[in-house]
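Asker: Below you'll find the structure I mean.
Rule-based calculations on the coordinates, nothing more; no lab input. Note that this is a predicted model, so its numbers are computed, not measured. Quick reminder, even Gly has a Cβ in these numbers, built from the backbone with ideal geometry, and neighbours come from all protein chains shown.
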Amino acid sequence: MKLRKVTVFAATALVLSLTATACGGDNKDSGSSSSGGGKIKVGIKYDQPGLGLKEPNGSFSGFDVDVATYVAKQLGYKPNQIEFVETKSADRENALARGDVKFIAATYSITDERKQKVDFAGPYLLAHQDLLVKANSDISKATDLNGKKLCSVTGSTSAQNIHDTIAPKANLREYSGYSECIAGLQSGAVDAVTTDDSILAGFAAQDKYKGQFKLAGLKLSNENYGIGVKKGDTATVNKINSALEKMVSDGSWQKAVDKNFGPANYKNEQAPKIGVIVK
Ligand code: GLU
C-alpha cells in the first residue's frame with residue numbers, strides 16, 4: 001500500500017516536471033535554457049545609484065544592470081526575458097545556493113571566503129573601499145574613525161575590513177543596505193559611511209545630496225567585482241567570462257562606464273583582465 005503511494009507520487013512528480021520543462025518554466029532552475037520564451041533571474045542591488053538601482057517607475061539602471069543585461073544577452077536572453085531580483089549584501093551566497101537567481105551582478109567582490117560557497121566569473125571592475133563624510137567633517141583618514149559612529153552593511157567586505165584591519169576601534173553599525181547608511185549620515189545618526197568608492201560616489205552625486213557629502217579618497221582596499229554563480233556551475237562561469245571579454249573588446253564596457261559613472265564623476269580603474277585578481 002505504502003509502495004503504491006510512492007509510485008503514484010513519483011509518476012505525478014515526473015509529469016509535473018515534464019510539463020514544467022515543456023513550458024520553459026523558470027521555477028527552480030533560474031533559466032538555464034536559452035531557447036524560446038524562458039526567463040532568467042539575475043540578482044542586483046536595488047538601492048545603489050550608478051550601479052544597481054530600481055527607479056520609482058520600476059525600471060532598473062546602473063553599471064551592474066548594464067553588465068548583467070549584456071551577459072544575459074550573450075547567454076541567449078533578451079532584455080524583456082530578464083527578471084531582476086534584489087540580492088542584498090548578506091543574501092548573495094544563499095540566493096545562489098538556493099537557485100533563486102542564475103547569476104549575481106551586485107558590487108560583489110571576489111574573496112577567498114566567498115569562493116568556498118559560490119563561484120565567480122570576472123572580475124569586471126576594480127573598486128576601492130573609501131569613506132563618505134559630511135562636507136564639513138574633519139574625518140579624513142582611517143584613524144580618525146576611532147570612537148566615531150561608522151555605518152556599513154551586513155555581509156559586506158567593507159564591514160569585515162573595518163573589524164579586521166582598517167578601524168577596529170570605530171563604533172561600527174551594520175545596516176542591511178547602503179541607502180540606510182546614507183540617510184543616517186544625512187541625519188547625523190552616523191559620522192561616516194564606508195564601502196566601495198564606486199558606490200559612495202553614486203550616492204554623493206544624487207540631486208538630493210549634492211554638495212552635502214565628500215569622499216575621503218583613501219583606497220583602503222581592492223574590491224574585484226565578480227559575477228557570482230552557483231558553486232560548481234563551471235559552464236556558466238565560462239560563458240560569462242567570454243561575455244565579459246566581449247563586452248570589453250567591443251567597447252560596450254567603456255560605454256557602460258561613461259553612462260553610469262560619468263554623472264557621478266567617478267574615476268574608475270581600467271577594465272580588469274578576466275581571471276586576474278588585484279590583491
Ligand atoms: N564590494 C563589497 C562587497 O562585496 C561592498 C559592496 C557590497 O556590499 O555590495 O561586499
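Asker: What is the angle, in °, between the Cα long axis of helix 252-261 and the longest principal axis of the Cα atoms in the chain? Nearest 10 is fine, range 0 to 90.
Answerer: Approximately 50 degrees, to the nearest ten.
Asker: Could you state the angle between the C-alpha long axis of helix 234-249 and the longest principal axis of the C-alpha atoms of the chain, as a value from 0 to 90 degrees rounded to the nearest 10?
Answerer: Long axis of 234-249 versus the principal axis of the chain: about 50 degrees.
Asker: How large, in Å, is the chain by the Kirkwood hydrodynamic radius built from its alpha-carbon pairs? Working shown, then result.
Answerer: Values: mean 1/r = 0.0504 Å⁻¹.
When all Cα pairs of the chain are included, the Kirkwood radius is 19.9 Å.
Asker: What is the dipole size for the chain, taken about its Cα centre, with +1 at each Lys and Arg Cβ and -1 at each Asp and Glu Cβ, in debye to the nearest 20? If you can, show how the numbers build up before the last one.
Answerer: Working: 36 positive and 30 negative charges, 148 e Å.
Taking the Cα centre of the chain as origin, the dipole is about 720 debye.
Asker: Work out, step by step, the length gained on full extension between Q160 and E113: first 0.36 nm times the residue separation, then minus their alpha carbon distance; give nm to one decimal. Intermediate values should be presented prior to the final figure.
Answerer: Working: separation 47, 0.36 × 47 = 16.92 nm, distance 1.14 nm.
Contour length minus the Cα-Cα distance gives 15.8 nm.
Asker: Per DSSP H run of n ≥ 4, the term is -39500 (n - 2.57); total these for the chain, divide by its residue number, and report the mean residue ellipticity at 222 nm rounded to 500 deg cm²/dmol.
Answerer: Working: 9 runs with 93 residues, N = 279.
The per-residue figure over the chain is -10000 deg cm²/dmol.
Asker: Could the peptides 241-248, 147-154 be put in order, highest first, of the mean number of other beta-carbon atoms found within 10 Å of their residues? Don't skip to the end; give the middle numbers.
Answerer: Numbers: 241-248: 18.1, 147-154: 20.4.
Final packing ranking: 147-154, 241-248.
Asker: A follow-up question, please. Given the convex hull over the Cα atoms of the stretch 107-233, what projected area results after averaging over all orientations, in nm²?
Answerer: Hull-based average projected area comes out at 7.6 nm².
Asker: Shifting gears a bit: Taking a quarter of the surface of the Cα convex hull of the stretch 171-279, what do you get in nm²? Write down the numbers at each step before the final one.
Answerer: Working: hull surface 34.9 nm².
Seen from a random direction, the Cα hull of the stretch 171-279 projects 8.7 nm² on average.
Asker: Right, next: What distance in nm separates the two pseudo spin-label positions at K141 and Q186, each 7 Å out from Cα along the beta-carbon direction?
Answerer: Spacing of the two 7 Å Cα→Cβ label points: 3.2 nm.
Asker: Any chance you could get the radius of gyration and Dmax over the Cα atoms of the stretch 77-153, in Å?
Answerer: 17.0, 50
Asker: What are the ³J(HN,Hα) values, in whole Hz, obtained from phi via the Karplus relation 6.51 cos²θ - 1.76 cosθ + 1.60 with θ = phi - 60°, for each residue of the stretch 150-164 in sequence order, with x given for Gly and Pro?
Answerer: My calculation for the stretch 150-164 gives 10, 10, 8, 10, 4, x, 9, 5, 4, 5, 4, 5, 4, 4, 6 Hz in order.
Asker: Follow-up question, since we're still on this one. Measuring from label point to label point, each 7 Å out along Cα→Cβ, what is the E83 to L215 span in nm?
Answerer: Result for the modelled spin labels: 3.5 nm.
Asker: Further, regarding this structure: What angle, in degrees between 0 and 90 and rounded to the nearest 10, separates the Cα long axis of helix 178-187 from the longest principal axis of the Cα atoms of the chain?
Answerer: Result, in degrees: 30.
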